[in-house]
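Written out below as structure tokens is the structure these notes cover.
The values are calculated or read from the model by the stated rules, or taken from the named source; none is laboratory data. Everything numeric in this text was worked out from a predicted model, so none of it was measured. Here Cβ is always computed from backbone atoms with ideal geometry, including for glycine, and neighbour counts include all displayed protein chains.
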């Protein structure tokens, strides 16, 4: 049984990915700052200590790992982007990468590949006219998230010179029942309100959580995977379409569409509002050319599955 070491295992993606990998026959070690009590019931899940702040890590965990999935990083939308929190967002990603690199340099290991999270925040606003969406060779945006993703990816790239296969997944908006954007979108819908953000024309590049886990699995198992991939579904949609489809799935015909003005979002979210109001159309052709097939290529199929649970 091969072993996958996961950083950021307690987050939305990490929790679901752990379940997926154990079902697929992997043993999973989750790096954590504090050992959980009680221990998990699944014998194929274990924990090991690390501290990004102290730059320490359990060497035995590194030595046991066949693959590493690197998800660690402070939540981008969790708090207001003060100068202090901006620094935390960047350092939590780059310093955790540095810790992994040093651990691999300083320990005998058998790690075949590292799959590192990134985000479509790499890209900026859709150009006009848009031609097919952003692709992996496009340059990073000059804004905060673009610069963060650039530093994030660069921080893990020294692994390539060490002979470790590296895959970077630029992930879109993750649709899941266990947290994240969909949970927030659902809140007004429960009261019969379809809350459309701004004018609703901004394109959302999304991915079903099950497909995202499968992409991570493919990146581990397929040795041809290398470099950056856009981890998004093949059919991005405007915010209005996403909101209306979600309302139809939950309420049928019994909902009222209401536009939430951009100015209100700016007051509530501050600078973070630019991320929910900008249009970012991202192309997944490279992923599909690598042989990946989506379970949920359309928004309707994705929401139908999620809302049926």
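Can you name every residue in region 46-85 that is crowded, with 18+ Cβ neighbours inside 10 Å, in a helix (DSSP H, G or I) and in contact with a helix residue (DSSP H, G or I) (Cβ under 8 Å, 6 or more places away or on another chain)?
62 - this is the single residue of region 46-85 that is crowded, with 18+ Cβ neighbours inside 10 Å, in a helix (DSSP H, G or I) and in contact with a helix residue (DSSP H, G or I) (Cβ under 8 Å, 6 or more places away or on another chain).
Any residue in region 186-203 that's within 11 Å of residue 261 (Cβ to Cβ): show its pairings with residues that are at pLDDT 95 or above and assigned to a loop (DSSP other than H, G, I, E, B) at Cβ separation under 8 Å, as long as the two are six or more apart or on different chains.
none
Filter region 96-106 down to the residues that are free of Cβ contacts under 8 Å to residues at least 60 places away in the same chain and either part of a loop (DSSP other than H, G, I, E, B) or over 18 Å from the mean Cα position of the chain (by Cα) (or both) and list them by number.
As a first pass, look at region 96-106 and keep what is free of Cβ contacts under 8 Å to residues at least 60 places away in the same chain: 97-99, 102-103, 105-106.
Within region 96-106, 98, 99, 102, 103, 105, 106 meet the criteria.
Given the options 57, 69, name the one that is touching a residue at least 12 places away in the same chain (Cβ under 8 Å) and under 18 Å from the mean Cα position of the chain (by Cα).
Details: 57 fails: under 18 Å from the mean Cα position of the chain (by Cα).
69 is the lone residue from the list that is touching a residue at least 12 places away in the same chain (Cβ under 8 Å) and under 18 Å from the mean Cα position of the chain (by Cα).
Against the definition (in contact (Cβ under 8 Å) with a residue 12 or more places away in the chain, over 18 Å from residue 152 (Cβ atoms), surrounded by fewer than 16 Cβ atoms within 10 Å (Cβ to Cβ) and in contact with a helix residue (DSSP H, G or I) (Cβ under 9 Å, 6 or more places away or on another chain)), how does residue 27 come out, yes or no?
No; evaluated as a whole, the condition is false for this residue.
Of the conditions (1) assigned to a helix (DSSP H, G or I); (2) within 19 Å of residue 225 (Cβ to Cβ), residue 136 fails just one. Which one is it?
With respect to (1) assigned to a helix (DSSP H, G or I); (2) within 19 Å of residue 225 (Cβ to Cβ), residue 136 is out only on (1).
Considering each residue of region 90-111, count those that are closer than 24 Å to residue 179 by Cβ and either modelled with pLDDT under 95 or out of contact with any helix residue (DSSP H, G or I) (no Cβ under 6 Å at 6 or more places or on another chain) (or both), and give that number.
Residues flagged as closer than 24 Å to residue 179 by Cβ and either modelled with pLDDT under 95 or out of contact with any helix residue (DSSP H, G or I) (no Cβ under 6 Å at 6 or more places or on another chain) (or both) within region 90-111 amount to 3.
Condition first: over 21 Å from residue 149 (Cβ atoms) and crowded, with 18+ Cβ neighbours inside 10 Å. Now tell me which residues in region 189-209 satisfy that.
189, 194, 195, 196, 197, 198, 200, 208
For region 174-199, enumerate the residues that are in a loop (DSSP other than H, G, I, E, B) and within 22 Å of residue 282 (Cβ to Cβ).
Scanning region 174-199 gives 176, 179, 180, 198, 199.
Would you mind finding the one in 43, 36 that is surrounded by fewer than 18 Cβ atoms within 10 Å (Cβ to Cβ), touching a strand residue (DSSP E or B) at 6+ places or on another chain (Cβ under 7 Å), at pLDDT below 95 and not in a strand (DSSP E or B)?
The unique qualifying residue is 36.
Report, by residue number, each residue of region 151-173 that is in a helix (DSSP H, G or I), in contact with a helix residue (DSSP H, G or I) (Cβ under 7 Å, 6 or more places away or on another chain) and surrounded by fewer than 19 Cβ atoms within 10 Å (Cβ to Cβ).
Result: 151, 158.
Considering only residues that are in contact with a strand residue (DSSP E or B) (Cβ under 8 Å, 6 or more places away or on another chain) and within 16 Å of residue 226 (Cα to Cα), which ones fall in region 143-169?
Scanning region 143-169 gives 153, 156, 157, 159, 160, 164, 165, 166, 167, 168, 169.
If you go through region 107-155 one residue at a time, how many are touching a residue at least 40 places away in the same chain (Cβ under 8 Å) and over 30 Å from residue 82 (Cα atoms)?
12
Matching residues to (1) under 24 Å from the mean Cα position of the chain (by Cα); (2) within 30 Å of residue 82 (Cβ to Cβ):
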{"position": "250", "(1), (2)": "no, no"}
{"position": "256", "(1), (2)": "no, no"}
{"position": "261", "(1), (2)": "no, yes"}
{"position": "273", "(1), (2)": "yes, yes"}
{"position": "282", "(1), (2)": "yes, yes"}
{"position": "286", "(1), (2)": "yes, no"}
{"position": "307", "(1), (2)": "yes, no"}
